[in-house]
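So the structure is just underneath, and the comments pick up after that.
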Amino acid sequence: MSEREEMASDGSLNVTLTLRLLMHGKMFIPFICFQKGETVKKMREESGARINISEGSSPERIVTITGPTEGIFRAFSMIAHKFEEDITAAMTNSNVTSNPPVTLRLVFPGSQCGSLIGKGGSKIKEIRETTGAQVQVAGDMLPDSTERAVTISGTPQAITQCVRHICSIMLESPPKGATIPYRPKAIPAGAHAVLAQQQAFALPGQYAFAHQDVSVFL
C-alpha cells in the first residue's frame, strides 16, 4: 500500500492511498460485469478513485482502489451498497428472514497488522465497537507474499466507517520493510474451477482441494 501527500485546491493536505480487495469465486463475477458497464464508470467519476480488477484465470481476483482518502471512502461505500443490492436480489425468493451481512476482504501488509489488532486486541475491539462491523485478521500470510487477509462484515455504513479507521492506521503506522504483494495463481492446466458458497476449488483429476481461510478471532 502506498501513500502520497499533496495539497488540495483548498489548501488542505490531501493524502492518496491504495487499498486492495480480495474476491473469491461467485463474489467477483457480478462485480466484473459491473466493471464493464457504465455503472463502474459512474462510480469512478463520483468517488474520484481509480478502481481496477486483476485479470487471469485464477478463481481469485484483486480489486485495487487508489485515490484520495475521501474518494476511497466513497468507493467502498458504493461497492458495499452494490453487494448489498446483489444479496437482497438473491434472497428475494428465500425463506430467510434477514439478509446476511456484506463481507469484503482486504489484502493488508503483515507488518501493519499488529497496529490494526493493537495490544491485546484493543485496537480491533475498538474498531468493532465503534463501527458495528466485524473485523477478522487472518493468522497466516497469503501464499508467496507478506500480506494477510483482513475480513470486514457488516452494513455498507459500518464497512465504510471501518475503512476510515484502517486508513488512519495505514497513515499512522506505515509498513516496515518491503511488502511482497499477494498475486492470485492461475488454475493449473487440466483443472476445472468449481465455485460454491464463495469458495474456490480446483479439481485436477479426481481430487479436490478447498481454499484454506484461517482467521484469528480476537
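Each reported figure results from applying straightforward, stated rules to the coordinates on display, with no laboratory input. Given the structure is predicted, the values throughout are model-derived calculations rather than measurements. Here the Cβ positions follow ideal geometry from the backbone for every residue, glycine too, while neighbour counts run over all protein chains shown.
The stretch between residue 115 and residue 97 holds 2.7 nm of extra length on full extension. This uses 0.36 nm per residue minus the Cα-Cα distance. Within a straight-line Cα-Cα reach of under 23 Å, residue 41 can be paired with the following lysines, leaving aside sequence neighbours fewer than 8 residues apart in one chain: 26, 82. By other beta-carbon atoms within 10 Å, ranking 119, 41 with the fewest at the front produces 119, 41. Projection of the Cα convex hull of the stretch 63-115, averaged over all directions and equal to a quarter of that hull's surface, yields 5.3 nm².
Modelled spin-label separation between residue 122 and residue 186, with each label point placed 7 Å from Cα along the Cα-to-Cβ direction: 4.9 nm. Subtracting the Cα-Cα distance of residue 81 and residue 42 from 0.36 nm times their residue separation leaves 12.6 nm of extension gain.
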